[in-house]
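Notes to accompany the following structure.
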Amino acid sequence: MNDRQQTVFVVDDDQAARESLRWLLESVGHQVCCPASALEFLESYDGSVPGCLVLDVRMPGMGGLELQNHLLERGWCLPVILVTGHGDVPMAVRAMKAGAVDFLEKPYNDQVLLERIQRALELCRQRSHDHEKLAEFQASFQHLTLREREVAALVVSGKANKVIAIELGLSPKTIEVHRANVMFKMRVKSLPELVQIWMRLEKSSLSQE
């Protein structure tokens, strides 16, 4: 994963709230950035810095839900924690359904917020790791020939070598060679591992359509 220090981004139009959170987070060693608006965040963030986003739901101009939609559209995997007033709970629930990882009602307990942020940062690390592994799988897949991809798809569907050989009009020995090449190029040692990777590749491909 990206080994840059994680940053907690606090987006809130209330200056006093931003500065209070900055002091709290820096006091426990977090790197903090506090844009005054959703637009300011979008203008300064390029998706490369790992961390999490503490986001006020209601702000002048672009609100929290709209900013969250921009994150999704740009494919940024920055975990979002929503901070909301009592009247904003239904809105916060909708945002969580859209991918936010947590929300807190004002006034919130500082220790609870710190715990939620730590959990969000761990999630960011896991997402970054998963993204890197998927990139490795996609790179390995590109090294497969068209025939190897065809054989692999039939293998992961559960068909035996003899059945695949009949369907493709090839000898079982040739299927064994293709299958071995697939395992080698995909860097896997077992069929269950190949199936798991293949499912991730298919899911990734469908999500991009």
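Values as computed for the structure displayed
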| quantity | calculated |
| --- | --- |
| The chain: angle of helix 146-156 to the longest principal axis, Cα-based, in degrees nearest 10 | 80 degrees |
| Modelled FRET efficiency - R0 45 Å, residue 143 with residue 16, Cβ distances, 0.05 increments | 0.20 |
| Virtual paramagnetic centre 7 Å along Cα→Cβ of residue 125, amide N under 16 Å, in region 70-85 | 79 |
| Full-stretch length increase - residue 98, residue 115 - with 0.36 nm per residue and alpha-carbon distance subtracted | 3.9 nm |
| FRET efficiency, residue 136 to residue 160 (Cβ-Cβ, R0 22 Å, nearest 0.05) | 0.15 |
| Given [x] 1.09; [y] 1.16; [z] 0.99, the label whose value is Rg/Rh (Cα atoms, Kirkwood Rh) derived from this model | [y] |
| In Å, descending, principal axis extents of the Cα set of region 63-170 | 69, 24, 24 |
| Rounded to the nearest 10 Å², the accessible area of residue 148 at probe 1.4 Å | 10 Å² |
| Only Lys, Arg (+1) and Asp, Glu (-1) charged, at Cβ; region 1-139 dipole about Cα centre in debye | 300 debye |
| Cross-link reach list, lysines versus residue 189, counting only Cα pairs under 28 Å and skipping chain neighbours closer than eight places | 133, 159, 162, 173, 203 |
| Charge tally in the Cβ shell below 15 Å around residue 145, where Lys, Arg are +1 and Asp, Glu are -1, residue 145 excluded | +2 |
| Estimated FRET transfer efficiency (residue 5, residue 177; beta-carbon r; R0 41 Å; 0.05) | 0.30 |
| The chain - percent of accessible surface contributed by carbon and sulfur, probe 1.4 Å | 54 percent |
| Over the chain, relative contact order from alpha-carbon pairs under 8 Å, at least 6 apart, % | 15 percent |
| Positive-end residue of 28, 183, 76, charge dipole of the chain with Cβ unit charges | 183 |
| Point-to-point label distance, residue 72-residue 28, nm (Cα→Cβ direction, 7 Å offset) | 2.9 nm |
| Cut-off 9 Å between beta-carbons: net charge of the residues surrounding residue 101, Lys and Arg +1, Asp and Glu -1 | +1 |
| Whole-number D in µm²/s for region 64-106 (Stokes-Einstein; Kirkwood sum over Cα pairs; 25 °C, 0.890 mPa s) | 237 µm²/s |
| For region 102-209, accessible area per residue (1.4 Å probe, heavy atoms of protein chains only), Å² | 64 Å² |
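The values are calculated or read from the model by the stated rules, or taken from the named source; none is laboratory data. Please read these numbers as outputs of a predicted model, since none were measured by experiment. Quick reminder, even Gly has a Cβ in these numbers, built from the backbone with ideal geometry, and neighbours come from all protein chains shown. Accessible surface areas use protein heavy atoms only, side chains included; no ligands, DNA or RNA. Shrake-Rupley method; radii C 1.70, N 1.55, O 1.52, S 1.80 Å.
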